[in-house]
Amino acid sequence: MYYEIAANDHGLPHDPLKALVAPRPIGWISSLSADGVPNLAPYSFFNMLAVSPAIVGFSSGMRKDSQNNIEETGEFVYNFASVDLIDAVNISSSHVPNTVNEFELAGVTAVASTLRESTPGRRSPRTPRMRIPANSGAPPLPGTRNSMELNFGTRGCGTY
């Protein structure tokens, strides 16, 4: 089947584009606001983009607290969203005020990062810390409703 992505003329009940790139890993991103409030949020548009230098990227169709925090502090932590943490990952996807500690909300114990200020989750088996060299909000494309928030991190700096 061929369809024009911009025209969205496939005739299906849902846009198949997201299903064409699968499986998509979940990037469970933790960050701290400039005021020190921890944030924890899952992103299904996440992946490792390069090894040398190590670059991970994630994006969202809407602005989230994670992105605001990353712009304020310049760093974030990627926490591995393993199957045994699925309930905590789902809870951390809740839309709550930016003053809410989503680690507490999800029942995840935050631990101090040895190399960065951002807070990794204790229960996650792997937590690479990333420094963000660039953060880009892409403008809406013709025929689309909203912009995409793009976030990139590099220099993994360490892994638990």
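Since every read-out is calculated from the coordinates, none of them should be taken as a lab result. Remember, it's a predicted structure, so these values are computed and weren't measured experimentally. Reconstructed Cβ throughout: ideal geometry from the backbone, glycine too, with neighbour counts over all protein chains shown.
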Among 100-110, 57-67, what's the highest-first ranking by average C-beta atoms within 10 angstrom per residue?
-> 57-67, 100-110
A student applying the Cα gyration tensor rule (rounded when a/c is under 1.5; otherwise prolate if a/b is larger than b/c, oblate if not) would label segment 16-68 oblate
Relative packing of peptides 74-80, 3-9 - highest average C-beta neighbours within 10 Å first | 74-80, 3-9
So who's got an amide H within less than 5 Å of the one on Glu75, skipping anything under 5 residues away but keeping other chains? H placed 1.01 Å off N, in plane.
-> Ile132
